[in-house]
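**Student:** Could you have a look at this structure, given as structure tokens, before my questions?
Please treat every number below as a calculation from the coordinates, not as lab data. Since we're looking at a predicted model, the values are computed, not measured. Here the Cβ is made from the backbone with ideal geometry for all residues, glycine too, and neighbour counts use every protein chain on show.
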């Protein structure tokens, strides 16, 4: 049952980030405008391209379970930076603090899931395990 839970957890986490990267590609100009609204104006095209690549590669690595720890670390770097930038509820007006603190905690919970993946690895249902098991004898 643990192996199935590992696989399902990896699928759910990676689907969120695959959607995030594809959404950023399809709405590139809107995302670039949002970056400038948050005060990030240093080469937004390069920054967004790097972010899309980081998130997409990280999510694919997590999904297939090949270097899933590296992929989870890539996603953690992105998601933690995103969360601290977008949901800084301590700077928000009182009318927005409650909702943004809930979003902040939700994102931190996802960071916890990524940390668990970094700590425990991909599990038995992964491409890395498949490659290890199917090695030919010398």
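**Student:** Between residue 132 and residue 80, what is the label-to-label distance in nm when each label sits 7 Å out along the Cα-to-Cβ direction?
**Tutor:** Label at residue 132, label at residue 80, 2.5 nm between them.
**Student:** Further question: Pairing the Cα long axis of helix 68-86 with the longest principal axis of the chain, what angle in degrees results, from 0 to 90 and rounded to the nearest 10?
**Tutor:** 10 degrees
**Student:** Can you give the angle from 0 to 90° between the axis of helix 44-64 and the longest principal axis of the chain, with both taken from C-alpha atoms, to the nearest 10?
**Tutor:** Computed tilt is about 30 degrees.
**Student:** Return the calculated 222 nm mean residue ellipticity for the chain, to the nearest 500 deg cm²/dmol, obtained by summing -39500 (n - 2.57) across DSSP H runs with n ≥ 4 and dividing by the residue count.
**Tutor:** That comes out to -27000 deg cm²/dmol.
**Student:** Further question: Hey, with R₀ at 30 Å, roughly what FRET efficiency would residue 46 and residue 98 work out to, going by the Cβ-Cβ distance, to 0.05?
**Tutor:** The value I calculate is 0.25.
**Student:** A follow-up question, please. Run the numbers for residue 124 and residue 8: contour at 0.36 nm per residue of separation, minus the present Cα-Cα distance, in nm.
**Tutor:** Full extension from residue 124 to residue 8 adds 40.6 nm.
**Student:** Something else about it: Where a ≥ b ≥ c are the square roots of the eigenvalues of the C-alpha gyration tensor, would you call the stretch 2-133 rounded, which needs a/c under 1.5, or, failing that, prolate if a/b is larger than b/c, or oblate?
**Tutor:** Verdict is oblate for the stretch 2-133.
**Student:** Eigenvalues of the Cα gyration tensor times 5, then square-rooted: what semi-axes does that give for the stretch 93-138, in whole angstrom, largest first?
**Tutor:** The answer is 43, 7, 5 Å, longest axis first.
**Student:** So how tilted is helix 28-37 from the main axis of the chain? Cα-based, degrees 0 to 90, rounded to 10.
**Tutor:** Tilt relative to the chain: about 50 degrees.
**Student:** Let me ask another. Going highest first, how would you order 94-104, 117-127 by mean Cβ packing within 10 Å?
**Tutor:** 117-127, 94-104
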